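What follows is calculated from the coordinates using simple rules that are stated; it is not laboratory data. All values derive from a computational prediction rather than experimental measurement. All Cβ positions, glycine included, derive from the backbone under ideal geometry; neighbour counts span all protein chains shown.
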Amino acid sequence: MQDSGRTAPIMARSGLSEAAFAWMLISPALLFIGVIVAWPLAETIRLSFTDATLGGESYVGLANYAALMASPKFYDTVARTFYWMFLSVSLKLIMGLIGATLLNAAIPGKALFRILVMPPWVIPVAIGVIGWKWMYNGYFGLISGLLQEFGLVQDRVALLASKTSAFYSAVVTDVWVGTPMVTLFLLAAMQGVSRDLYEAAWVDGAGRWYRFRRITIPQIMPVIVSMALLSAIWTFNSFEIIWILTEGGPRGATTTLIIDTYKVAISSQRFGEGAARAVVIVTLLALFSLAYLYFLNRVNRYYGAK
Amino acid sequence: MTSIKTLSVAAALLAGSALSAQAEELHFIMCGGEVRPADQKVIDTFIGENPGVTVNMEAVEWGTCQDKSMQLAAAGDPPSLAYMGSRTLRQLAKNDLIVPVSFTPEEQAKFQPGVLSTVSSGGQYWGIPHAFSTKALYINCAVVEAAGAACKAPETYADLVALAKTVTDNTDAAGIGIAGKDFDNTMHMFLDFLYSNDGLVFDAEGKPALDSKNTRETLQLYADLLPYMQSGPIEWERDQMKDLFNDGQIAMYVTGPWGKGQHAEKVPSQMIVPIPHGPSGDSGTILITDSIAVFKGTGHEDLAVKLAKALTSGEAQYDLDSTWGLTPILDYQKAGMSEVYYTQDPWPVFVAGISTGGPEPMVEDFKSLQAVFTNMVQGILLGEGSVDELVTIAGQELAAVR
């Protein structure tokens, strides 16, 4: 009401109606969203109906989508992308929860540990991933060297040289990069849990595990779920980690949708086909997010969050 | 007085307009991240001989350079000329972004055999070759001799496998380094062996010819060599293998003339020999060139062609080849030079393969071509199919490459 009172004289002076004044206020945001989000999205959708390359474009209707739907490799890529996302996000959440719990515990040197958890997040991703790439190397890598040193393997282990190990190595690196942020968000949520709840439970004889299960987890559940959604979107579109480690190889074993899109749209400069892939990514992520938001809403209602 | 002032200003403006009409700036993108002194000398002379002309040199690393040039051109702001991989020329030509180049019969005769085939498509030349490389097999004799074998050139595929086996069986080193990474030189190395077995990627009419006995024999060579390769060949690209070679971890690998200098300090006993030939052919090599392409739509294409021709003319080109250590792109002896650098060891090995070598294939979508080869090579390295199956699939995939 007070705001209306303040704006009324402005509207009167400018001769604008209330609706026009409201549109004027939101127009910068609308313009920003239009230029940054809506126009590129609309342009991508338009391109996906063309055979655009460097030399020009012509309308091809649904041909790009039909080619995708007819390609068994594309379904493999979609399945691999979801597996990559679920595995990596699950590990990040588990590791993040463990890390946050430990950092929240009353242990000596807690502040130091909180700083030590930061480097994977603070170091530029490219630098960190190049470090991992060297560690995975069969000849010069730390991992192969240690495995041989401890007699666990006889020959060198080149982790990026086989399909399965390359995929899981990429997951490990992604988890390394992504866990600190999850940890810090969960730690912040844990620190917001009222001490009174723990003290009351302790007085009633509740053990550590019980308190963690029945107080900590329910209290931070909305943050866990929100973090999971954000992490899922970032992991789904995670590009640089896979690209630096394997470029999607060997034989497509680490090719996710975003890598496939890059290869088609940028490396091969088949912009129309690449745009169709980008539209598929947006659609899948939108559907996934909708399902997730529905779930988040239910979780918030169940745990009493506003 | 006012009239005199007005006239003076008008005269000054007219003079300025006239000067700006004469002034031309050529935007030259140089892939590789540096401008070689031999090129800079020619550019400086060119500027001196063409008053009002300036050359804006932009040296860009290989990783982004070719995409940058192409995208500038596609966006309507083309560079005047660019030094880039010849494999990009077909795509640029197909999209009408570069101008064709003509050579007089005398100019054509000066090039080494096969060089002009790396820049021709659709019956026209699309770039002026400016850097050339061929490949040879490097042997670390200290490792070979430690295995109890004599350090001599393996002449055939079978000799190569036998020598690699001897090294692997009798030392801690691997017999040979093979590139298997998702990278262009995985394809290049395979083509070195394929061209040493009289194989083809496309026939004379431009039709896919990869699905052949020659390719099967070459892929079988990879299968035979697999137990004697470095660990995890899929992790490795050719240029990284110099470290394995220098450390004595591999006894042999294939690379270009630059390898001699890269190994000289740590492997003084290196031997450089022709690539062993397969059962169906003679020793050959892939012929790779980088070229200067002149872009359309700048309004000074003729001037750009003039600069490109100056950079690639006899003496200037010799200066670049000899100082950079490249396989000679022109037959300088035919052009009248008597004392040429490539008659000395090890150059004859790199020059000998030219006549039997084959070009890096020119397609519109090079990355897809590369994927055909890496899929096939990685398939055999991972044991994911027989030679016959993998070559058949590669042939089908090649047919779909634009």
- prompt: Cα centroid distance between the stretch B:63-81 and the stretch A:66-88, in Å?
  reply: 33 Å
- line: Looking only at lysines whose Cα falls under 27 Å of B:Lys306's and that sit 8 or more positions away or on another chain, we get B:Lys41, B:Lys68, B:Lys94, B:Lys110, B:Lys296, B:Lys334
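Mean Kyte-Doolittle of at least 0.5 and a Cα length of 20 Å or more along the axis: which whole DSSP H helices of chain A meet both?
Details: long enough: A:18-33 (23 Å, 1.77); A:72-104 (47 Å, 0.82); A:163-191 (42 Å, 1.02); A:217-236 (27 Å, 1.71); A:271-303 (46 Å, 0.91).
Helix filter hits for chain A: A:18-33, A:72-104, A:163-191, A:217-236, A:271-303.
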message: Could you work out the relative contact order of chain B? I mean the mean sequence separation of Cα pairs under 8 Å and 6+ apart, divided by the number of residues, in percent.
response: 25 percent
- prompt: When DSSP beta bridges are limited to those with both residues in the stretch B:26-142, what percentage is antiparallel, rounded to the nearest 5?
  reply: 25 percent
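Which FRET efficiency value, to the nearest 0.05, is calculated for B:Glu384 and B:Asn56 with the Förster distance at 41 angstrom and r the Cβ-Cβ distance?
Values: r = 49 Å, r/R0 = 1.20.
It comes out at approximately 0.25.
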query: What aspartates and glutamates could a cross-link reach from A:Lys73, if we take a straight Cα to Cα line under 14 Å and drop same-chain neighbours fewer than 8 places away?
result: A:Asp260, B:Glu397
- prompt: Within straight cross-link reach of B:Lys165, meaning Cα distance under 16 Å, which aspartates and glutamates are found once same-chain residues fewer than 8 apart are removed?
  reply: B:Glu145, B:Glu155, B:Asp224
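Pairs of alpha-carbon atoms within less than 8 angstrom and 6+ residues apart define the contacts here; what relative contact order does the stretch A:67-303 have, in percent? Could you put the intermediate results ahead of the total?
On the way: 238 pairs, mean separation 60.7, N = 237.
The value is 26 percent.
Treat the count of other C-beta atoms within 10 Å as a stand-in for reagent exposure and order A:Asp174, A:Asp51, A:Asp204 from fewest to most.
Details: A:Asp174 26, A:Asp51 16, A:Asp204 9.
Least to most surrounded, the residues fall as A:Asp204, A:Asp51, A:Asp174.
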task: May I ask what percent, to the nearest 5, of DSSP beta bridges between residues of chain B are antiparallel?
output: 60 percent
Total formal charge among the other residues, if their Cβ is under 14 angstrom from that of B:Tyr157, Lys/Arg +1 and Asp/Glu -1: -4
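Over the whole of A:245-254, what's the average partner chain Cβ count within 10 Å per residue? Rounded to a whole number, please. Present the calculation step by step, with values, prior to reporting the outcome.
Values: counts 0, 4, 4, 2, 11, 15, 12, 4, 3, 1.
Shielding by partners across A:245-254 averages 6.
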- prompt: Angle, helix B:387-399 long axis vs. longest principal axis of chain B, Cα atoms, 0 to 90°, nearest 10?
  reply: 20 degrees
- prompt: Where the centre of each part is set by its Cα atoms, how far does the stretch B:253-322 sit from the stretch A:249-294, in angstrom?
  reply: 38 Å
- line: Rounded to the nearest 10, the angle in degrees between the Cα long axis of helix B:366-381 and the longest principal axis of the Cα atoms of chain B comes to 10 degrees
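Counting other beta carbons within 10 Å of each Cβ, put B:Met271, B:Met30 in order, fewest first. Spell out each step's value before the answer.
Numbers: B:Met271 18, B:Met30 22.
Listing B:Met271, B:Met30 from fewest to most nearby Cβ atoms yields B:Met271, B:Met30.
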- prompt: By how many degrees, 0 to 90 and rounded to 10, does the Cα axis of helix B:37-49 deviate from the longest principal axis of chain B?
  reply: 20 degrees
At R0 = 35 Å, FRET efficiency that the Cβ-Cβ distance of A:Val203 and A:Phe295 yields, to 0.05: 0.50
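Between exposed GluC sites (Glu not before Pro) in chain B, where DSSP calls loop and at most 14 other Cβ atoms lie within 10 Å, what's the longest gap? Present the calculation step by step, with values, prior to reporting the outcome.
Values: sites that count: B:Glu34, B:Glu61, B:Glu155, B:Glu205, B:Glu265, B:Glu339, B:Glu384.
Looking at chain B, B:62-154 is the longest stretch - no exposed GluC sites (Glu not before Pro) with at most 14 other Cβ atoms within 10 Å.
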query: Relative contact order of the stretch A:106-229: what whole-number percent is it, with Cα pairs under 8 angstrom and at least 6 residues apart?
result: 19 percent
- line: Highest GNM mean-square fluctuation among B:Trp236, B:Trp62, B:Trp126, for chain B with Cα springs under 10 Å, belongs to B:Trp62
message: For a quick check: sort B:Phe28, A:Phe32 by the number of other beta carbons within 10 angstrom, fewest at the front.
response: A:Phe32, B:Phe28
